[in-house]
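Input: a single structure, listed below in structure tokens.
The values are calculated or read from the model by the stated rules, or taken from the named source; none is laboratory data. All figures in this text were calculated on a predicted structure; none of them were measured in a lab. Here the Cβ is made from the backbone with ideal geometry for all residues, glycine too, and neighbour counts use every protein chain on show. Areas reflect the complete protein model, heavy atoms only, side chains present, ligands, DNA and RNA absent. Shrake-Rupley method; radii C 1.70, N 1.55, O 1.52, S 1.80 Å.
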Amino acid sequence: MIKIANVIEDGRLAGPQLRMLNVAQSLRKHGIATTLLIPVDKSEAFSKLISDKGINFRKLKVVCLQKRILSFLRYVVSFLFDIFRICHSIKELSPDLIHVSGGAWQFKSVIAAKLSGGKVIWHLNDTSMPMIIRLVFGLVSHMCTDAFIVAGEKVRNTYLSRANNKKIIHTIGAPVDTKRFSSIHTSYADKLQKLSDKFKIITVANINPNKGIDLIIEIAGLLRNEVKFQFVIVGPIYKSQEQYYKRLLGLIQKKKLKNVYFTGPFEHIPATLKSCDIYLCCSMFEASPTSVWEAMAMELPVISTRVGDLPLILEESKSGYLVDADPKQISERIYSLYKDKQLAREMGRRGRDVVKKMFDIESVTEKHKAIYTKVLTDKNIYR
């Protein structure tokens, strides 16, 4: 039995947290036991999911890095104390390997993992960080890591320079349970469908500026008089983004829109996706966007900005459309799929085939197992 400690410093439920949970659950079938180390702060939803899945986890009192000045000062003051707490917990677990998730700013966890004496894999899943973060990353990663997992090729190009390219690097995209995210879901979706006869465009995302929600509102304004278009935005609104959310509501009110709906967090994501007609991603930065892959698994045609590895995955005009952050261009693409529903269905079917081939949870699990085995068996961690 291989024992893995998987650490993250941000407890809010999002793509990296779901990836940790789903892969940990799948790895059990391969004789790999994972304990998740997560922060106490803002992790209620995440810890509930972990408990429901029966995965071992521990909560740690660590301060998450944030942009606000007071929060940043707390992060700095607690830096050494948090490293000690994380290191102590890792040593108590005595894992064979430490997997640090959450992106390029997880400095505390990486340093603590190295100090614990174990082998360390750093999982990178973002493509945009301030230069100071990248500089610190370069120093910490050179001294403290044995290998990297990158969520996509754009992530690799962003962070892993020639100074690091001799270390083990595996590209592993965000996983999708293609059995759960499948068009066979009917009952709940049928109920949602009956609520509205409108043509629904859905986005699933935490409400923050990076997700381009303001751009979606601009698109909704352009399409409000054409047909019965409805824009559905599914995702939590965290306290740090309350001002942004209020600004979005103000923009909707100013434009007098009645076709934009924020649902908040939602449990029935597969069925909700099935009840809609198009998936829209207006993000400014992404790596391997789980929500897009899940929509494709549900056979929704995707319209997305050219973020992360989407230009490498989404085949233009066959499994979706790649667009600029231009409201007029995006609205035209939406309208074209509304008029040509046969094309939309064909795009959806092709998209599911792509996800099953590249991001199915079983395939992603095998890739994790491969890098774990390589790091644990190689005496020389370099290629």
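Modelled with pLDDT under 90, open to solvent by 40 Å² or more (accessible area, probe 1.4 Å) and within 17 Å of the chain's Cα centre (by Cα): is that true of Glu226 in this structure?
No; evaluated as a whole, the condition is false for this residue.
So Leu337 clears everything in (1) without any contact (Cβ under 8 Å) to a residue 60 or more places away in the chain; (2) surrounded by 20 or more Cβ atoms within 10 Å (Cβ to Cβ) except one condition, right? Which one?
(1)
So is Ala344 more than 20 Å from the chain's Cα centre (by Cα) and either assigned to a loop (DSSP other than H, G, I, E, B) or of a type in the set (A, V, I, L, M) (or both) or not?
In short, yes.
Would you please name the residue that is surrounded by the fewest Cβ atoms within 10 Å (Cβ to Cβ), looking only at residues in region 304-313 that are within 21 Å of Lys356 (Cβ to Cβ) and aliphatic (A, V, I, L, M)?
First, pick out the residues of region 304-313 that are within 21 Å of Lys356 (Cβ to Cβ): 304, 308-313.
Now restrict to residues that are aliphatic (A, V, I, L, M): 310, 312-313.
Working: Leu310: 22, Leu312: 11, Ile313: 23.
Going through the qualifying residues, I end up with Leu312.
Can you pull out the residues in region 284-312 that are of a type outside the set (Val, Ile, Thr) and within 12 Å of the chain's Cα centre (by Cα)?
Phe285, Glu286, Ala287, Ser288, Pro289, Ser291, Trp293, Glu294, Gly308 - these are the residues of region 284-312 that are of a type outside the set (Val, Ile, Thr) and within 12 Å of the chain's Cα centre (by Cα).
Among Lys42, Lys29, which is the only one that is in contact with a Phe, Trp or Tyr (Cβ under 8 Å, 6 or more places away or on another chain) and basic (Lys, Arg)?
Working: Lys29 fails: in contact with a Phe, Trp or Tyr (Cβ under 8 Å, 6 or more places away or on another chain).
So the residue among Lys42, Lys29 that is in contact with a Phe, Trp or Tyr (Cβ under 8 Å, 6 or more places away or on another chain) and basic (Lys, Arg) is Lys42.
From the list Ala287, Ala297, which residue is surrounded by 15 or more Cβ atoms within 10 Å (Cβ to Cβ), of a type in the set (Gly, Ala, Ser) and modelled with pLDDT of 95 or more?
None of the other options fit; the residue is Ala297.
Which of the residues spanning region 291-313 are part of a loop (DSSP other than H, G, I, E, B) and out of contact with any Gly (no Cβ under 6 Å at 6 or more places or on another chain)?
Those that are part of a loop (DSSP other than H, G, I, E, B) and out of contact with any Gly (no Cβ under 6 Å at 6 or more places or on another chain): Met298, Arg306, Val307.
Going through region 314-329 one residue at a time, which ones are crowded, with 24+ Cβ neighbours inside 10 Å and either touching a residue at least 60 places away in the same chain (Cβ under 8 Å) or part of a strand (DSSP E or B) (or both)?
If the condition is that a residue be crowded, with 24+ Cβ neighbours inside 10 Å and either touching a residue at least 60 places away in the same chain (Cβ under 8 Å) or part of a strand (DSSP E or B) (or both), then Gly320 is the only one that fits.
Could you identify the single residue in Arg85, Arg68 that is open to solvent by 60 Å² or more (accessible area, probe 1.4 Å) and without any contact (Cβ under 8 Å) to a residue 60 or more places away in the chain?
Testing whether each residue is open to solvent by 60 Å² or more (accessible area, probe 1.4 Å) and without any contact (Cβ under 8 Å) to a residue 60 or more places away in the chain leaves just Arg85.
Scan region 364-383 residue by residue and report those that are open to solvent by less than 50 Å² (accessible area, probe 1.4 Å) and either without any contact (Cβ under 8 Å) to a residue 40 or more places away in the chain or of a type in the set (Phe, Trp, Tyr) (or both).
Listed by number, the list holds a single entry, Tyr372.
What pairs come out if I take residues in region 260-289 that are in contact (Cβ under 8 Å) with a residue 40 or more places away in the chain and pair them with residues that are part of a helix (DSSP H, G or I) and among the charged types (D, E, K, R) whose C-beta lies under 7 Å away, six or more apart or interchain?
Ile269/Glu294; Leu273/Glu294; Cys282/Lys211; Ser283/Lys211; Ala287/Lys154
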